[in-house]
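Asker: Structure provided below as structure tokens; questions to follow.
The values are calculated or read from the model by the stated rules, or taken from the named source; none is laboratory data. Just so you know, these numbers come straight off a predicted model, no measurement behind them. Neighbour counts are summed over all protein chains in view; Cβ atoms, including those assigned to glycine, are modelled from backbone coordinates with ideal geometry.
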Amino acid sequence: MTPGLLLLLAFAIFRMPPWLPLFVIESNGVDPSWQMLLNEAVPNGWTFGRDLFFTYGPFGFIHARMYHPETWEILVAVWLGISVIMADLIWRVVGHCRLSPMWRALCAVAMVELMSRDAMAVCFGLHAFVFLEAINAPEIENATDQQQASVLPPTSLVTWLRLCMPILLLATLPWAKFSYFVTVAFLGCTLTAAGLIQRRFPWRPVVLLAACPFVWLMAGGTLAECREFIGAGLQLAGGYSAAMGLGPETLAGVIVAASAASIVVVLPAWLSARLAPGDWRLRVVTILFLQGLLFITWKSSFVRYHAERLPVFLGTVLPLLAYGWLASGGRQSSKCATGSASANEGKMLSAVQNWQSQRHTFGTKLCSAYYRCSLSVLLVAFAVLISAGTVERVRRLALGAVIGHATAPLRDQILAVAESVKNPGWRAHTHQKQLQKIRDANPIPDIVGTVDIFPSKLIVGFAHGLQLQPRPLLQSYAAFTPALIERDAEFYRGPAAPENILISVAAIDGRLPTLEDSHAWFELLSNYELTDSSTAFLKLSRRPRPSLLLDDKPVLRKSVRWNEPVELPRDLAGPVWCRIQIKPSLPGRLASILYRLPEIHLKTQVGHDRNDDRTFRLLPGSTEAGFLISPTVETRDNLVRLWQWADKPGQCDVDLEHRVRSLSGSVEMSGELKHFSERMFAPKFTIEFFGLSKNDRQLRDSDRSNNMATSGLHRIE
């Protein structure tokens, strides 16, 4: 083992593992809850694909990198293994360049530092370097021509392990985060194509294909649960852009996103030209794979404008850019390399000439311009991206902030390692302090039996040590499609439903609160009664039988245009259920695939005051499943009054003050882009209103409704 590799291994072990992990925090946001749940799923024995469905899987706690006493040792052990595997893989890939051992080690260290800013950057980088290592693999360097036609993996056990460990790590990633299910499948296909082009047995994708289901089975799941998990994951991926994209869009935002997109288009061609594989087909496969991987990285980073997403994109792109600068035309003694090392555009032009010499002349001029302009486009795109910056919304970054942001992760790791030496128990102590802060900030009623917390703040249940029995889509904001929404609704009306619910109003991204798990609101209102309102969290207890009925036929059905107001039926005295069918146009479908659709807003007029307008973000998937439109539920008091209506026998009026009188829909974009917004959707959408009625016999027969006064229920003045 060379000194350079030892240096790289030491740095990776110091830099990559979460020596300073995430700690659970008191927050009204959703992230602490799902991060904690990924860890709690292990000791509680919850199975993904049967009990839970989310964008993460059974190994999601490894990706979340949060401290939990039950999983901390596993987390550290896995990340130590990832560090060693990544360091060795990068060392082998950088070894294909003509570098001295010292520069080779320094460049590899820089790549590790760039990727270590984010777990997603590490994983996307793993995909890229496995592919680069495969197309330049040295295991057949000395094989005869006959052996090359059906190459087998190396016979050395150490070499075999070094080549296989990244593949086995890749086989684990789809069960940590569903995004990697797509990237791993794409990698397997391109590796197969590259192997056939190079006349090699594609043993990497074969091992990958065999290992993926085996890893799932090792996690405790079954093949049927794996199928369910993948099906739900595809729905989550399909609805993510529409539900989680932030906006409204601005021209500055489009410019920054477009500059990053140009890097996605150009960087693979520039890198492929510098690698200069001799076969044009291998060059095409390389470009297509890198463009596909970077496109997924770009979507993950720019659909939501968050500061923490930018390191995902840069942490994947910059190591590839650095490798491109260092590349010298493949392996130092490769038989397929077509020229000597070159670091200028002459390499790109020679690549085009190579295409011509092989009689592949179609689009030669276009390809020539593509290669000639790639470096200039890359430099301009990086200048725009870095100078503009992306923090929540697009704005300029001060130089001091840039330096601080760049050095903070390494500084934090140094302080965490130093604190571990000084006080080994500081993580457990910090964890307990954070849980106590959550308990202090979130008092709850007395709970006996199983409980779910709606819509998202599961962290309160973990902090108080409750017997949690969460719904399948454990975070209501993630119920993006009608099928996912129905899965949660079925859970609440089925035999596996918890005995108690702790409910609060906690919508995100400016959404209408009742759009969070929209159909579940009806099931909760029908199947649970209010038994305690003494805290910010209302306690609901299970009824013996459902108490509400939802009309089968709409009271009113109407097709309307954008910004056209619609009056709600005046003859509905109780809550009003609404369904809205919004369909994207052909350009909208394309925009949804390539980027995201613009925001849709719902504007409502509430009560008797015509000036009392409310505007909420609308989710097409939730509106298609149906949602409670009236009365407006925005506060804890609104919740109490809604359940008081449901618990009283007789068809009494609902909360008149917060009854919705009319509504309208609009597509939101700002400034110069506004006239393009409505073209992303069909010019009309269909809206339906349904009535809710009480099962009075059930309410009269319920013993619980007669004892509510003694169960801690506080009257709302």
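Asker: Only one of Met111, Met120 is within 23 Å of the chain's Cα centre (by Cα) and either closer than 16 Å to Met16 by Cβ or among the aliphatic types (A, V, I, L, M) (or both). Can you tell me which?
Answerer: Answer to the check: Met120.
Asker: With the structure loaded, tell me whether Leu37 is touching a Pro at 6+ places or on another chain (Cβ under 8 Å), under 16 Å from Ala176 (Cβ atoms) and touching a residue at least 24 places away in the same chain (Cβ under 8 Å) or whether it fails that test. Please lay out each step first, then the result.
Answerer: Details: touching a Pro at 6+ places or on another chain (Cβ under 8 Å): yes; under 16 Å from Ala176 (Cβ atoms): yes; touching a residue at least 24 places away in the same chain (Cβ under 8 Å): yes.
It is true that Leu37 is touching a Pro at 6+ places or on another chain (Cβ under 8 Å), under 16 Å from Ala176 (Cβ atoms) and touching a residue at least 24 places away in the same chain (Cβ under 8 Å).
Asker: Taking only pairs six or more apart or across chains, which ones have beta-carbon atoms under 9 Å, a first residue in segment 507-530 that is among the basic types (Lys, Arg), and a second residue that is not in a helix (DSSP H, G or I)?
Answerer: Arg511/Phe616; Arg511/Arg617; Arg511/Leu618; Arg511/Leu619
Asker: Can you tell me which residue within segment 515-552, out of those that are assigned to a loop (DSSP other than H, G, I, E, B) and of a type outside the set (D, E, K, R), is surrounded by the fewest Cβ atoms within 10 Å (Cβ to Cβ)?
Answerer: In this case the residue turns out to be Pro544.
Asker: For segment 479-499, state whether one or more residues are touching a strand residue (DSSP E or B) at 6+ places or on another chain (Cβ under 6 Å) and either not in a loop (DSSP other than H, G, I, E, B) or not polar (S, T, N, Q) (or both).
Answerer: Kept after step one, since they are touching a strand residue (DSSP E or B) at 6+ places or on another chain (Cβ under 6 Å), are these residues of segment 479-499: 498-499.
Next, from what is left, pick out any that are either not in a loop (DSSP other than H, G, I, E, B) or not polar (S, T, N, Q) (or both): 498-499.
Scanning segment 479-499 turns up at least one residue that is touching a strand residue (DSSP E or B) at 6+ places or on another chain (Cβ under 6 Å) and either not in a loop (DSSP other than H, G, I, E, B) or not polar (S, T, N, Q) (or both).
Asker: While we're here: Could you check Gly220 against (1) modelled with pLDDT under 80; (2) part of a loop (DSSP other than H, G, I, E, B) and say which number it fails?
Answerer: With respect to (1) modelled with pLDDT under 80; (2) part of a loop (DSSP other than H, G, I, E, B), Gly220 is out only on (1).
Asker: With the structure loaded, tell me whether Leu191 is under 21 Å from Ile287 (Cα atoms) and buried (at least 21 other Cβ atoms within 10 Å of the Cβ) or whether it fails that test.
Answerer: yes
Asker: Select from segment 202-213 the residues that are touching a residue at least 24 places away in the same chain (Cβ under 8 Å) and more than 24 Å from the chain's Cα centre (by Cα) and list them in ascending order.
Answerer: Within segment 202-213, Trp203, Arg204, Val207 meet the criteria.
Asker: For segment 176-217, enumerate the residues that are small (Gly, Ala, Ser) and assigned to a helix (DSSP H, G or I).
Answerer: Scanning segment 176-217 gives Ser179, Ala185, Gly188, Ala193, Ala194, Gly195, Ala210, Ala211.
Asker: If you take the residues of segment 553-603 that are more than 19 Å from Met244 (Cα to Cα) and among the aromatic types (Phe, Trp, Tyr), which of them is surrounded by the most Cβ atoms within 10 Å (Cβ to Cβ)?
Answerer: Going through the qualifying residues, I end up with Trp577.
Asker: In the list Leu502, Leu468, which residue meets the criterion of being in contact with a Pro (Cβ under 9 Å, 6 or more places away or on another chain), buried (at least 24 other Cβ atoms within 10 Å of the Cβ) and of a type in the set (A, V, I, L, M)?
Answerer: Answer to the check: Leu502.
Asker: Filter segment 654-708 down to residues that are farther than 30 Å from Pro554 by Cα and basic (Lys, Arg) and give me whichever is modelled with the lowest pLDDT.
Answerer: Arg704
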